[in-house]
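Trainee: Input: one structure, supplied below.
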Amino acid sequence: MKTQINFMNWKNPELALITGSSSGIGAEFARQLAEQGFDLILVARRKEKLNQLASLLIEKNDNKVEFLIADLSQMSDIEKVVSRIKKLDNLDVLINNAGFGFMSPFLQIEQIKLVNMINVHFTSPVLFCHAALPKMIESEELL
């Protein structure tokens, strides 16, 4: 049975997709939403960490938890996530949490690393929102 803690007063929590969910803030989003009754799709690069988190959430909250291994710096992986989002009919929450940074001076960072960061921070969130919003808007209109 799903836990019924519902701090955000969700009407009928169904499904949340969280990027960067293998650790840190993304994993905490996953824990909090699972406790509020959401089933989850977790997206990150590290399979072992995702598998551990998914197992913990299923055991603790009896949620359905799916995970996608994706490196959001790579367009092929972004497209894989976009494809999955477009197949969903009940996505209520999209959390674009994935991100990283550099500790080097800007001019010392290789251009490809900057492009990868742009893909993670900007390209993937824009494309994920573009994929998710049509059905989110449609489901709101049906309420």
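The values are calculated or read from the model by the stated rules, or taken from the named source; none is laboratory data. Computed from a prediction, not measured in an experiment: that's the story for all the values here. Glycine gets a Cβ as well: all are built from the backbone with ideal geometry, and neighbour counts include every protein chain shown.
Trainee: Just need a number here: residues in segment 20-31 that are surrounded by fewer than 21 Cβ atoms within 10 Å (Cβ to Cβ) and either under 20 Å from Asp77 (Cα atoms) or without any contact (Cβ under 8 Å) to a residue 12 or more places away in the chain (or both).
Mentor: 3
So that you can scan it fast, the table gives a plain yes or no per residue for (1) of a type in the set (A, V, I, L, M, F, W, C); (2) in a helix (DSSP H, G or I); (3) within 30 Å of Leu114 (Cβ to Cβ); (4) modelled with pLDDT of 95 or more:
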| position | (1), (2), (3), (4) |
| --- | --- |
| Met1 | yes, no, no, no |
| Met8 | yes, no, no, no |
| Glu28 | no, yes, yes, yes |
| Asn63 | no, no, no, no |
| Phe67 | yes, no, yes, no |
| Ser76 | no, yes, yes, yes |
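Trainee: Take Glu138 and decide whether it is free of Cβ contacts under 8 Å to residues at least 24 places away in the same chain, closer than 21 Å to Trp10 by Cβ and of a type outside the set (A, V, I, L, M). Walk me through how you get there before you give the answer.
Mentor: Working: free of Cβ contacts under 8 Å to residues at least 24 places away in the same chain: yes; closer than 21 Å to Trp10 by Cβ: yes; of a type outside the set (A, V, I, L, M): yes.
Taking the combined requirement at face value, the residue satisfies it.
Trainee: Gly101 passes all but one of (1) over 17 Å from the mean Cα position of the chain (by Cα); (2) without any contact (Cβ under 8 Å) to a residue 12 or more places away in the chain; (3) within 18 Å of Ser22 (Cβ to Cβ); which number fails?
Mentor: (2)
Yes/no matrix, rows are residues, columns are (1) touching a residue at least 40 places away in the same chain (Cβ under 8 Å); (2) among the basic types (Lys, Arg):
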position: Asp39; (1), (2): no, no
position: Ala44; (1), (2): yes, no
position: Lys49; (1), (2): no, yes
position: Gln52; (1), (2): no, no
position: Leu57; (1), (2): no, no
position: Asp71; (1), (2): no, no
position: Ile78; (1), (2): yes, no
position: Asp89; (1), (2): yes, no
position: Ile95; (1), (2): yes, no
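Trainee: Filter segment 81-98 down to the residues that are assigned to a helix (DSSP H, G or I) and over 13 Å from the mean Cα position of the chain (by Cα) and list them by number. Quick ask: steps written out before the conclusion?
Mentor: The initial filter retains those residues of segment 81-98 that are assigned to a helix (DSSP H, G or I), namely 81-86.
If the condition is that a residue be assigned to a helix (DSSP H, G or I) and over 13 Å from the mean Cα position of the chain (by Cα), then Ser83, Lys86 are the ones that fit.
Trainee: Suppose we keep only residues that are of a type in the set (Lys, Arg) and touching a Lys or Arg at 6+ places or on another chain (Cβ under 9 Å) within segment 17-72. Which one would you say is farthest from Ala132 (Cα to Cα)? Explain how you work it out, then say what you get.
Mentor: So in segment 17-72, the residues of a type in the set (Lys, Arg) come out as 31, 45-47, 49, 60, 64.
With touching a Lys or Arg at 6+ places or on another chain (Cβ under 9 Å) added as a condition, the list becomes 31, 60.
Numbers: Arg31: 22, Lys60: 28 Å.
Result: Lys60.
Trainee: Could you please give the count of residues in segment 79-110 that are of a type in the set (S, T, N, Q) and either under 22 Å from Gln32 (Cα atoms) or surrounded by 13 or more Cβ atoms within 10 Å (Cβ to Cβ) (or both)? Write out each step before concluding.
Mentor: Narrowing segment 79-110 to residues of a type in the set (S, T, N, Q): 83, 90, 96-97, 104, 108.
Then drop every residue that is not either under 22 Å from Gln32 (Cα atoms) or surrounded by 13 or more Cβ atoms within 10 Å (Cβ to Cβ) (or both), which leaves 90, 96-97.
Adding up the residues that qualify gives 3.
Trainee: Go through (1) over 22 Å from Phe38 (Cα atoms); (2) of a type in the set (Asp, Glu); (3) part of a helix (DSSP H, G or I) for Asp71 and report which single condition fails.
Mentor: The failed condition is (3).
Trainee: Quick one: is Lys113 among the basic types (Lys, Arg), part of a helix (DSSP H, G or I), within 15 Å of the chain's Cα centre (by Cα) and surrounded by 12 or more Cβ atoms within 10 Å (Cβ to Cβ)?
Mentor: Values: among the basic types (Lys, Arg): yes; part of a helix (DSSP H, G or I): yes; within 15 Å of the chain's Cα centre (by Cα): no; surrounded by 12 or more Cβ atoms within 10 Å (Cβ to Cβ): yes.
No; evaluated as a whole, the condition is false for this residue.
Trainee: Continuing with this model, one more query. Would you confirm whether any residue within segment 45-58 is more than 14 Å from Leu15 (Cα to Cα) and in a strand (DSSP E or B)?
Mentor: Checking segment 45-58: not a single residue is more than 14 Å from Leu15 (Cα to Cα) and in a strand (DSSP E or B).
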